[in-house]
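Working notes, structure below.
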Amino acid sequence: MSAGILVIALDIATAAVSLAILLCAWRLVRGPQSIDRVLAIDTLYINAVALIVLLGIRLETVLLFEAALVVAMLGFASTVALSRYLTRGDVIE
């Protein structure tokens, strides 16, 4: 009984995160300013990490959790670099 509830919860969570990814992609394309686009990219990679974790739970594999960690680290570094570039004009001082 609880396994059936887990599958339903994973399906609902996957649909919600997929919808959030689509909305972030829309903001990335449509954003009026570059700051909106940076925030959309930041939120997009966070949603991608959530989707990878949900897929890891669904497939019961540990490899996807490591992939989610790598995506999170790269996403954080790229967001910081892009933010510094937009505010200062250079990434490395």
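Every read-out reported here was derived from the displayed coordinates using simple, explicitly stated rules and does not represent laboratory data. Since we're looking at a predicted model, the values are computed, not measured. We place every Cβ from the backbone using ideal geometry, glycine too, and count neighbours over all the protein chains shown.
Tell me the mean residue ellipticity at 222 nm calculated for the chain from its helices only (DSSP H runs of n ≥ 4, each -39500 (n - 2.57), averaged over every residue, nearest 500).
Taking each H run of at least 4 residues, the total per residue is -31000 deg cm²/dmol.
Give me a comma-separated list of calculated 3J(HN,Hα) values for region 29-44, in order, Karplus coefficients 6.51, -1.76, 1.60 applied at θ = phi - 60°, integers in Hz, x for any Gly or Pro.
With coefficients 6.51, -1.76 and 1.60, one gets 6, 9, x, x, 10, 5, 5, 4, 5, 5, 5, 5, 5, 4, 5, 5 Hz.
Between region 60-89 and region 1-55, what's the alpha-carbon centroid distance in Å?
First find each Cα centre; the distance between them is then 15 Å.
How high is the relative contact order of the chain? Use alpha-carbon pairs under 8 Å, at least six apart in sequence, and give a whole percent.
Contact order relative to length: 23 percent.
Can you compute 3J(HN,Hα) from phi for each residue in region 48-65, using the Karplus curve 6.51 cos²θ - 1.76 cosθ + 1.60 with θ = phi - 60°, rounded to whole Hz and x for Gly and Pro?
Along region 48-65, the couplings run 5, 4, 4, 5, 5, 5, 4, 5, x, 5, 5, 8, 6, 10, 7, 4, 5, 5 Hz.
What number comes out for the charge environment of Ala40, summing +1 per Lys or Arg and -1 per Asp or Glu over other residues with Cβ under 10 Å away?
Once positives and negatives cancel, what remains is +1.
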